[in-house]
Amino acid sequence: MLKMYGLIAIVGVLGIAGYGAKYYYDTTQQTIATLRENNAQLEVAVQTAQASVESLQQDMQKFAELNQQLQADLQAAEAYGDELQSKLNRLDLVQDALRDPEILEGKMNGATANLWRDIIEDTGGDSDRPLPNWLQPREQAGTRDSGSDPDREDTSANSESTQASPAQ
């Protein structure tokens, strides 16, 4: 009988050890599967992060180049502004206007027309339009257009006229 109890005890101990090994194996396999899934997710996250870093580095280089270009443009604009300021300081517009107002008017009108053409061109408009009537050369040498003639029409201007609303 003792042999029988010993055999039952050995079979019981072996059964418990076998069940423990199976339980350990199953939980280990489950942990390995979970770790594989997490590893795959981390690899995707790392690839995304690397792509983001590369994109940010490219953007940073692009922004640095654009910033340098803007800096150069700013310096050129400041130099041009300084040049214009020095030209304006050298001019005596009042004396020029008193001496020959028609020449000064022509210069001012021509510069204004060129400025508006540049603005129109920069904003996507057609800069090949003809000059407005008030910038056309005069037909007679002695006539002077005062610019305040109420009967004069300027069909080339695109500005909208405003009207005052009656007071209520």
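What follows is calculated from the coordinates using simple rules that are stated; it is not laboratory data. What you see is a predicted model; the values in this text were computed from it and never measured. In this analysis, Cβ positions are derived from the backbone assuming ideal geometry, glycine residues included, and neighbour counts consider all displayed protein chains.
State the extension gain, in nm to one decimal, for the chain segment bounded by I8 and Q50, taking 0.36 nm per residue of separation less the distance between their alpha-carbons.
Working: separation 42, 0.36 × 42 = 15.12 nm, distance 6.15 nm.
Length gained between I8 and Q50: 9.0 nm.
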Label-point separation in nm, N114 to D126, each point 7 Å along Cα→Cβ: 2.4
Residue-wise HN-Hα coupling along segment 91-97, computed from phi with Karplus coefficients 6.51, -1.76, 1.60 (Hz; x: Gly, Pro): 8, 10, 5, 5, 5, 5, 5
Part-to-part distance (alpha-carbon centres) for segment 40-55 and segment 71-107, which is given in Å: 57
